[in-house]
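Every number in this text was worked out from the coordinates using simple rules, so none of it is lab data. Please read these numbers as outputs of a predicted model, since none were measured by experiment. Neighbour counts run over all protein chains shown; Cβ positions are idealised from the backbone, glycine included.
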2 protein chains.
Amino acid sequence: MKERGLLIVLSGPSGVGKGTVRKAIFSQNDTDFQYSISMTTRKPREGEVDGVDYFFKSKEEFEQLIKEERLLEWAEFVGNYYGTPIDYVEKTLSEGRDVFLEIEVQGALQVRKAFPEGLFIFLMPPSLSELKNRIVTRGTETQDIINNRMKVAKEEIEMMDAYDYVVENDHVDLACGRIRAIVTAEHCRRDRIALRYKKMLEVE
Amino acid sequence: MKERGLLIVLSGPSGVGKGTVRKAIFSQNDTDFQYSISMTTRKPREGEVDGVDYFFKSKEEFEQLIKEERLLEWAEFVGNYYGTPIDYVEKTLSEGRDVFLEIEVQGALQVRKAFPEGLFIFLMPPSLSELKNRIVTRGTETQDIINNRMKVAKEEIEMMDAYDYVVENDHVDLACGRIRAIVTAEHCRRDRIALRYKKMLEVE
C-alpha cells in the first residue's frame, strides 16, 4: 500500500518572490518534491526540452484539453496558453511523490476547486508584517501613506482566505524552511496516518 | 498585540520514548518552547528546586486546586498527586511563548477537553510501522504473533484518534525534527495568521 503524495501549491501576490523561493527549494539536494511541469502553446526556446521544461502543445491540442477539463488550471498570456495538466499531477501523486506547483493567485483558486485536499501556501510579502510594526509603533509615515498601505494589506489578507498556510517571505531561506516544515507536518497529520493504518489492519 | 503561544502536548503509549524525545528537544540550544512545570505532592528530592523541577504542594493544597478546577490534568501515583497547573500554562501562553507538555495518554485526553485548541502529538512506536511492513511483505512470523501484534496495533491506533499529529519514534533525532516542523507549520496556519492581521487592521 503506497501513500499518495501531497499536492503543494505555492502562490501569493505578484512580486512577492514565488519563483525565487521555488528555485531555492529545488536547488537543495534533499528536496523530494516533484516540480509540476506546465503545459504551454508557446514555441520552445533554444535548449528547452519537451516534458522537462514544459509540455509543448499546439493551440488546438490545448483547447481540446480545456474542453475535456484535463487542466488543473490554465490562463492565457500574450496570445499563448499556459496550464497544469491533471494527468501528470495525478500520475505523480499516485506514485507517492509530492507535487509542487508555483502559480498565480487566480490559478491557485482554480486548483483549490479541483483539488480541495491540496496544501495551499500563501507567500506573504514582508511589507505586511512591516506595516503591522509601523501601526503598532506609530512611525513617522503620513496618514496617506499609511492609508494606502492599509488598503493594499487588506486586499492581500483577503486573498489569504482560500489558503491553508501563510508563509512570510522575509528571507528566502527562512521561507523555504517554513515550507519544508509545513510539508513534513502535513505528512504527520493524524487523519492521513490513522486512515492509512486502519485500512492496513482491515486488509488482513 | 502579542501572538498567543501554542500548547504542545506530546503523548503516546507507555514505553514509546516520550521522555527521551522531550529531553532531546530541550537539549537543543535553539528550542524556544517552555517546558510545563508539573505540580506534585511528593517530597522534593536532594537538589530539586520548587518552581524549577516541580511546584511542590501539600496534599491539602493540591486537593483544593482539583476542587477549583485549576489543573489541566492530574493523576495519583503511589500515594502522591501529579498534575499540570492551568495558571502557569495560561501565563506562559499569554506571554506569547509555546508551552510543551509531555504526559500520559489519560492526561492528554483530560487536556484536550480543557484546551481543544492545543496541538496534540501522538508519538507512535516504530513497531506499528514495522508491523505494516511485515504484513505487506508477508514475513516469517507465525499467525499467533501477527495476530497479537495486530491487536496491540489496533489499540494504539484507537488511541491516536484524539490527536492532531502522529510522529513515528523511529529515531529520536528524526522524531524531534518532525515535532519541530509541526510547531513551525502550526505557527504558519492561515486561520491563526489571518485572524491576527484582520484584527490589527480593524484596530485602526
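Worth pointing out:
- Legend: calculated FRET efficiency, B:TYR35 to B:LYS151, from the Cβ-Cβ distance at R0 = 35 Å, rounded to 0.05, equals 0.50.
- Length gained when the stretch B:ASP87-B:GLU3 is fully extended (0.36 nm per residue, less Cα-Cα span): 28.4 nm
- Sorted by Cβ density within 10 Å, fewest first, the residues A:ARG22, B:ARG70: B:ARG70, A:ARG22
- In this assembly of identical copies, the label point of A:LYS67 (Cα plus 7 Å along Cα-to-Cβ) is separated from its counterparts by 8.0 nm, sorted shortest first.
- Shielding by partners for peptide A:159-168, expressed as the average number of C-beta atoms from other protein chains within 10 Å of each residue's C-beta, is 5.
- Rounded to 5, percent antiparallel among DSSP beta bridges of region B:1-104: 45 percent
- Per-selection metrics, chain B (Cα): Rg and Dmax in Å: 19.5, 70
- DSSP-assigned coil residues among chymotrypsin sites (Phe, Trp or Tyr not before Pro) in region B:3-43, each with at most 15 further Cβ atoms within 10 Å: none
- Here the spin labels are modelled as points 7 Å beyond Cα on the Cα-Cβ line, and at B:GLU68 and B:GLN106 they lie 2.5 nm apart.
- Within 10 Å of the Cβ of each residue in A:189-196, the mean number of Cβ atoms contributed by other protein chains is 6.
- When both bridge partners sit in region B:37-96, DSSP labels roughly 75% of those beta bridges antiparallel.
- Beta bridges by DSSP in chain A, antiparallel share as percent, to the nearest 5: 30 percent
- Per-pair calculated FRET efficiency, R0 = 35 Å: B:SER127 and B:PHE77 via Cβ, rounded to 0.05: 0.85
- Look at the stretch B:146-156: the mean tally of other chain Cβ atoms within 10 Å of its residues' Cβ atoms is 1.
- Per-residue Cβ neighbour counts within 10 Å put A:ASP161, A:ASP53, B:ASP30 in the sequence B:ASP30, A:ASP161, A:ASP53, beginning with the fewest.
- What the Kirkwood sum gives for the protein assembly as shown is a hydrodynamic radius of 24.3 Å, with every pair of different alpha carbons counted.
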